Amino acid sequence: MGKELKEIVKRLEEIVGAEYVSCYPEERYFYGRDPGTMPAKEPEVVVLPGSTEEVSEIIKLANEKEIPVVPMGGGLVLSGLSRALRGGILLDMKRMNRIIEVNEKSRYALVEAGVSQGMLQAYLKKHHPSLKHSVPDSPPIATIAGNVCIHGSGHLSALGGFHSEMLNGLEVVLPTGEVVLLGSCSTSPYWFSRSPLPDLCGLFLGWLGTTGIITKLAIKLYPARQFNDVAVFITEDPEIAKEAILKITRTALAEDVLASISPKPDWVAGFQLVSVAWSAESKKELILKRDLIRESVREFIEKKIAGFMPLGADMKARFMEAPQSQLARFADVKKGGGFEYVGAIMPVELFPQACRLGEEIGESLEVAYSLGARVIGLGHCMMFFFAYAFNRADPEDIKRAQRALEETNERVLELGGIPWKAEEPAQKQILKRMEPNAFELMRRIRRLLDPKGIMNPGNWEI
Ligand SMILES: Cc1cc2nc3c(=O)[nH]c(=O)nc-3n(C[C@H](O)[C@H](O)[C@H](O)COP(=O)(O)OP(=O)(O)OC[C@H]3O[C@@H](n4cnc5c(N)ncnc54)[C@H](O)[C@@H]3O)c2cc1C
């Protein structure tokens, strides 16, 4: 360890305590990797802060020493966004895991940045069973902050849009160390909304940890109703699947609309499955909603070109799971635990083209693939996922998956979609297409907020 690094480590130990700072090669190895295809990049030191004040002190030290800082939640983004591309400090936020407040009446939860999806889900179930939050299909240790940061989505996205749209406010440590409150909490004791003030939260959403460290956030909660149901619409024609999605979302009754297309198992090959989940306060309401959803696609059923699958209770339970365990099972289909996907944000009208694109790439490059789309809002857009599984122990298999991801990113951009939570090479592909003044504005904002360029460098750069 060099003299300069030794001094930095000593100062970090003074800030958070020696047990929460590590330069051990084993830990640097672990923190340098994520489950996707991106090559490992190890930090020089891993730090686990316990409070906003400690985060602020760490950032001030990083400015003084001009050393990079990379924030990490669950580290499950799959596109390598919390790898330390230029070394430096890896800031693992998991110790900051307090659920500070659940406001039942105004329906929001205020949490620290290290609170995981699983923690909040379990806490609400136990202490506030009338409320729920929108859960992504990622493993439960993914954090709420990490997911909001990248504009994630989940099982209530047909109701509330992207998870970043469900955000009411933030506490952020700026890249220069100051702590700021954004949203209604800047002016009121309540974290109820981002309006009507200038929306500064946007400076930290979609920026991939390059503009500051989120330390607290409030997210919207939704009614957890006693009666829940799911129906699965099935067709062989992606055009019909698209039309059905548009008609079903027009009813504004669904909480989640999730399409899936997969060559495996054999009985689903060639079919488009669109699962539609809804909930109600009474059995009567549940049945009424079911009938209205069915009615919206009756023309396809009458023509006998599509229909709803009969589902047993165990199948229904599977489709209603949040998070969906079948995705995690696909992630390990090749064994060796390698899994990554291009999540392309695009209009629902591009659904058929996206299906064809995924099938062509999967088959021509001979990669294990699964495709699908989660509808965001009332059909306002979708997150179409092109998921590729690979065996981490087989370098050729990893290369094949990397090729599939690169090609998918390029063709998604050609189609008019935008890769979501893009890996470093895909960020460059996006920036090359971006209107130059928009990119210049991004650069100016970043320079203004982070004059020493310490925040997650290497991301959103050409
Ligand atoms: C099987 C599987 C299914 C998935 N399904 C979904 C899904 O349905 N919906 C979905 O949205 N995602 C999904 N994902 C992707 C991903 O796991 C989630 O988006 C996850 O919530 C990311 O959170 P994280 O805590 O792991 O973030 P991380 O990977 O730790 O971080 C993500 C980004 O945010 C930054 N960051 C993290 N914390 C902070 C902070 N406190 N301040 C500033 N920047 C920060 C990091 O630097 C990085 O750029 C899935 C992943 C898997 C493996």
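The values are calculated or read from the model by the stated rules, or taken from the named source; none is laboratory data. Note that the structure is a prediction, hence the values are computed from the model and not measured. We place every Cβ from the backbone using ideal geometry, glycine too, and count neighbours over all the protein chains shown. Ligands, DNA and RNA are excluded from the accessible area calculation, which covers all protein heavy atoms including side chains. Shrake-Rupley method; radii C 1.70, N 1.55, O 1.52, S 1.80 Å.
Here are some notes:
- Relative contact order (percent, whole number), the range 29-98, Cα cutoff 8 Å, 6+ residue spacing: 45
- Taking every protein chain into account, the accessible area of the range 400-462 amounts to 51 square angstrom per residue (probe 1.4 Å).
- A 1.4 Å probe run over the protein chains yields, for the range 35-108, 36 Å² of accessible area per residue, whole-number rounding.
- At full extension, Glu178 and Glu14 could sit 57.1 nm farther apart than now, given 0.36 nm per residue minus the alpha carbon distance.
- Accessible carbon and sulfur surface of the chain relative to its total accessible area, %, 1.4 Å: 55
- In terms of packing, defined here as the mean over residues of other Cβ atoms within 10 angstrom, the peptides 104-111, 274-281 line up highest first as 274-281, 104-111.
- The charge dipole of the range 1-129, taken about its Cα centre with unit charges on the Cβ atoms of Lys, Arg (+1), Asp and Glu (-1) only, comes to about 440 debye.
- Look at the dipole of the chain built from charges on Cβ: of Gly152, Phe300, Pro425, the Cα furthest out on the positive end belongs to Phe300.
- Using the 1.4 Å probe convention, the accessible area of the range 218-324 works out to 51 Å² per residue with neighbouring protein chains retained.
- Cα centroid separation, the range 98-175 to the range 21-70 (Å): 24
- Furthest towards positive pole of dipole, Gln326, Ile261, Gly312, structure part the range 255-333, Cβ charges: Gly312
- Paramagnetic label zone (point 7 Å from Cα along Cα-to-C-beta, Leu378; backbone N under 17 Å) in the range 240-264: 244-257
- When you restrict to C-alpha pairs under 8 Å that are six or more residues apart and normalise by the size of the range 287-413, the relative contact order lands at 26 percent.
- About the centre of its Cα atoms, the chain shows a dipole size close to 700 debye [charges on the beta carbon of Lys, Arg (+1) and Asp, Glu (-1) only; nearest 20 debye].
- Listed residue (Pro49, Cys201, Ser82) projecting farthest to the positive dipole end of the chain, Cβ model: Cys201
- Calculated FRET value between Leu415 and Arg443, using beta carbons and R₀ = 25 Å, to 0.05: 0.40
- Violating pairs (Cα-Cα greater than 26 angstrom) within the set Lys126/Lys283; Lys335/Lys428; Lys216/Lys452; Lys220/Lys264; Lys3/Lys41: Lys335/Lys428; Lys220/Lys264
- Here each label is just a point 7 Å from Cα along the line to Cβ, and for Leu288 and Ala224 those points are 2.5 nm apart.
- The charge dipole of the range 29-103, taken about its Cα centre with unit charges on the Cβ atoms of Lys, Arg (+1), Asp and Glu (-1) only, comes to about 240 debye.
- With 5 Å bins beginning at zero, the pair-distance distribution over Cα atoms of the range 25-111 amounts to 3, 14, 21, 20, 16, 12, 8, 4, 3, 0 %.
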